[in-house]
1. Do we have Asp78 as crowded, with 16+ Cβ neighbours inside 10 Å, under 18 Å from the mean Cα position of the chain (by Cα) and of a type in the set (D, E, K, R) here?
2. Is it true that some residue in segment 133-146 is of a type in the set (A, V, I, L, M), closer than 20 Å to Asn57 by Cβ, in a strand (DSSP E or B) and out of contact with any helix residue (DSSP H, G or I) (no Cβ under 7 Å at 6 or more places or on another chain)?
3. Taking Ser99 as meeting all but one of (1) out of contact with any Cys (no Cβ under 9 Å at 6 or more places or on another chain); (2) more than 21 Å from Glu46 (Cβ to Cβ), write down the number of the exception.
4. Which pairs turn up if I take residues in segment 93-104 that are at pLDDT 90 or above and look for partners that are part of a loop (DSSP other than H, G, I, E, B) with beta carbon separation below 8 Å, at least 6 apart in sequence or on another chain?
5. Considering only segment 50-78, state which residues are in contact with a helix residue (DSSP H, G or I) (Cβ under 9 Å, 6 or more places away or on another chain) and more than 21 Å from Val133 (Cα to Cα).
6. What is the number of the single condition among (1) over 27 Å from Glu52 (Cα atoms); (2) at pLDDT below 95 that Pro120 does not meet?
7. Determine whether Asp89 is assigned to a loop (DSSP other than H, G, I, E, B) and farther than 27 Å from Tyr55 by Cα.
8. Being farther than 23 Å from Arg32 by Cα, in contact with a Phe, Trp or Tyr (Cβ under 9 Å, 6 or more places away or on another chain) and of a type in the set (Phe, Trp, Tyr) narrows it down to one of Tyr119, Tyr90, so name that one.
Amino acid sequence: MSRNRIGLLIAILLIAGFLVWLVFFHADGMMRADVASANGSNYSLEMSPDMEPVYYNDNASFQYHSENDNYTMMVIDDSKEKIASFGLDYDLETYMKISTRSLDSAGLYVNTKTEVNDYPALQATIQGSREGVSTTFILTCVETPTFYYQLICWTPTDKFEINKPKLEGMINSFREEHPQPVQ
């Protein structure tokens with residue numbers, strides 16, 4: 001192979017690598033995760049590229065942890081249709097109340113009304129413990145037309161202030177995606 005061809009091949013590979021990098025990473029260093037849940041929901045969110053899959057909850061459709069910065073995010077999605085099939089009549093406040101029970105049985109949290117990408121949401125910061133370590137959780141329950149979502153982030157309490165912007169960034173990047181119809 002001639003030097004010109006080798007140079008051209010290297011240039012093409014560099015450009016292709018750069019384009020792949022652009023597709024997966026954003027200017028802020030975050031990576032987009034697209035999730036198709038077994039429950040039928042489709043959503044995306046931004047996450048740090050150092051996050052790795054973990055397993056904590058059978059009901060979660062997304063479970064990732066950053067070993068470097070010591071924080072975790074988990075998403076649980078519940079179909080409104082399935083909830084109604086059990087004869088239950090939930091609204092966002094009821095869903096939030098039920099969701100907080102696993103994190104704070106004493107009820108020492110305050111719900112804050114918010115929006116996540118134009119969807120109504122309730123959010124609470126909860127102090128607790130995980131594996132004997134003082135932990136701060138951010139629980140955000142989001143209501144879309146067909147699903148309720150629990151976005152649960154946590155980090156050791158002594159790292160909460162440092163990690164809070166990253167956790168909030170992941171929460172605020174959440175978007176329900178609607179699959180495109182097959183043509």
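The values are calculated or read from the model by the stated rules, or taken from the named source; none is laboratory data. These numbers come from a predicted model, not from an experiment. Here the Cβ positions follow ideal geometry from the backbone for every residue, glycine too, while neighbour counts run over all protein chains shown.
1. Spelling it out, Asp78 is indeed crowded, with 16+ Cβ neighbours inside 10 Å, under 18 Å from the mean Cα position of the chain (by Cα) and of a type in the set (D, E, K, R).
2. yes
3. (1)
4. Glu93/Asn111; Met96/Asn111
5. Ile76, Asp78
6. (2)
7. Spelling it out, Asp89 is indeed assigned to a loop (DSSP other than H, G, I, E, B) and farther than 27 Å from Tyr55 by Cα.
8. So the residue among Tyr119, Tyr90 that is farther than 23 Å from Arg32 by Cα, in contact with a Phe, Trp or Tyr (Cβ under 9 Å, 6 or more places away or on another chain) and of a type in the set (Phe, Trp, Tyr) is Tyr90.
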